[in-house]
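To start, the structure itself, in structure tokens.
The values are calculated or read from the model by the stated rules, or taken from the named source; none is laboratory data. Everything numeric here is computed off the predicted structure, so don't read it as measured data. Here Cβ is always computed from backbone atoms with ideal geometry, including for glycine, and neighbour counts include all displayed protein chains.
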Amino acid sequence: MAFLDHVLQAPSYGWQDTSGSLIKPTSGQIFNEFFSRLNVFKNRKNWLPFFSWVKVLCLIPFFALFVFHFFSLYMLLAAFLYSMIIMGTHGTIWHHRYCTHGAYKFRNNFWRFFTQNLTLNVIPEEIYVISHHVHHAKSDQPGDPYNAYAGFLYCFLADVNHQPIAKNLSEADYNRIKLLMLHTGIKGNTYAQYQRWGSYVNPGRAVLSWLCNWTFWYLVFFLIGGHALACTLFGAAGFWAIGVRTFNFEGHGKGSGEQREGIDFNHKDKSVNQIWPGFVAGEWHNNHHLFPKSARSGFKPMQLDLAWQYIHLMHRLGAVKSYKDNKKQFNALYYFPELARKKELAAEKRSLHKNLKGQVNS
């Protein structure tokens, strides 16, 4: 079996049936799988998805304090900026373009650590990175961990049900995971530790990193705006942590044909460019599927890409030593031909209108 065919822990309902068709589990099957995989008493190897959702649950009280105690228009604006733009853009910069696709390289470990911790620590890199490689290899096909064809819940709970790595990998396959994670700077378990914990990251180091990150940012927010700002931004991070789990369902057209001519040029899957994720997080998803290793995905003139702006700024400051940018290739292969086609159609319409007008006058 190819590595990406078995690197993820298959759900109990499976990826595909005997005919090779996608298995679409019922809501009950999805929820049963979800709670089973969160059960650390049943199996300690469930610790990472459990830990991921513990962080989300810990943010809910902060969100409640923001809504019922600290709410104001200023705090609402701060929550919007932090959740929709800062958290979203950071996810694109760190988890997506760097950790998964290696679209750029840092000058040194300091700038990597700086970028990693620009926001609250919420999503485990391991769960995101390995599964996202599978997603690109099997996009909208059986085995895609967040396949929009299987429905909203299939995607929304994918970080528990479909994205964790398999628990029975050979040492050779585990070493391949280590290679995929090496550049992130996250120290991995030995193979013996992986066999005990079922993960690349060690629980002790993960918890310590989480506590240090949250303590630092709560102190910073408190010094700037007291408990009101700290609770507001922590609550906003929780709002984002839940909302981001809806993206892959929406970003692949909800499993239906939502691609638009002249906007979505990649037709190998159902990915679509969306204005909201594009503007607030630089996530022009169809463009990204065309050139997944590009540090920029906002290729067209009006496609704002805040993630790219950060990467490019860091390059000018010397913190990023190199990056990949496929804008020229996109223009040559897709954008300029599309402009030429539209210009040709406009000329044909003008010619037809002129001929019709001449016939009427005659």
Whether any residue in the stretch 49-59 is closer than 30 Å to Gly225 by Cβ, among the aromatic types (Phe, Trp, Tyr) and modelled with pLDDT of 95 or more is what I want to check.
yes
Looking for something closer than 14 Å to Phe330 by Cα, of a type in the set (S, T, N, Q) and at pLDDT below 95 - is there at least one such residue anywhere in the stretch 274-287?
no
Could you check the stretch 140-182 and list, in sequence order, the residues that are buried (at least 23 other Cβ atoms within 10 Å of the Cβ) and not aliphatic (A, V, I, L, M)?
Asp144, Pro145, Tyr146, Asn147, Tyr154, Cys155, Asp159, Asn161, His162, Gln163, Pro164
Could you run through the stretch 66-83 and say how many residues are under 14 Å from Gly226 (Cβ atoms) and surrounded by 18 or more Cβ atoms within 10 Å (Cβ to Cβ)?
4
Being of a type in the set (A, V, I, L, M, F, W, C), modelled with pLDDT of 95 or more and more than 19 Å from Val54 (Cα to Cα) is the requirement here; does Leu169 meet it?
yes
For the stretch 104-131, which positions are touching a Phe, Trp or Tyr at 6+ places or on another chain (Cβ under 7 Å) and under 16 Å from Arg316 (Cα atoms)?
Tyr104, Arg112, Thr115
For the stretch 148-203, how many residues are closer than 26 Å to Trp15 by Cβ, hydroxyl-bearing (Ser, Thr, Tyr) and either in contact with a His (Cβ under 7 Å, 6 or more places away or on another chain) or assigned to a helix (DSSP H, G or I) (or both)?
5
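Taking the stretch 214-226 as the search range and keeping residues that are buried (at least 16 other Cβ atoms within 10 Å of the Cβ) and out of contact with any Ser or Thr (no Cβ under 9 Å at 6 or more places or on another chain), which one is farthest from Ala10 (Cα to Cα)? Full working, then the answer.
Initially, the stretch 214-226 is screened for residues buried (at least 16 other Cβ atoms within 10 Å of the Cβ), giving 214, 217-218, 221, 225.
Filter once more, keeping what is out of contact with any Ser or Thr (no Cβ under 9 Å at 6 or more places or on another chain): 214, 218.
Details: Trp214: 32, Tyr218: 37 Å.
That would be Tyr218.
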Spans of helices (runs of 4 or more DSSP H) in the stretch 244-362 with at least 1 residues on the phi > 0 side of the Ramachandran plot, buried (at least 20 other Cβ atoms within 10 Å of the Cβ) and without any contact (Cβ under 8 Å) to a residue 40 or more places away in the chain:
none
Mind checking which residues of the stretch 130-147 are at negative phi, in contact with a strand residue (DSSP E or B) (Cβ under 8 Å, 6 or more places away or on another chain) and not in a helix (DSSP H, G or I)?
Gln141, Pro142, Pro145, Asn147
Where a residue in the stretch 190-207 is touching a residue at least 40 places away in the same chain (Cβ under 8 Å) and its partner, wherever it lies, is small (Gly, Ala, Ser) and surrounded by 14 or more Cβ atoms within 10 Å (Cβ to Cβ), with Cβ under 6 Å and at least six apart
Tyr200/Gly188
Restricting the first residue to the stretch 1-27 and requiring it to be surrounded by 11 or more Cβ atoms within 10 Å (Cβ to Cβ) and modelled with pLDDT of 95 or more, which pairs with a second residue that is assigned to a loop (DSSP other than H, G, I, E, B) and basic (Lys, Arg) meet a Cβ separation below 8 Å and a spacing of at least six or different chains?
Gln9/Lys167
Are there any pairs, at least 6 apart or on different chains, whose C-beta atoms fall under 6 Å, with the first in the stretch 141-163 and closer than 20 Å to Phe50 by Cβ and the second among the basic types (Lys, Arg), and if so, which?
Phe156/Arg245; Val160/Arg37
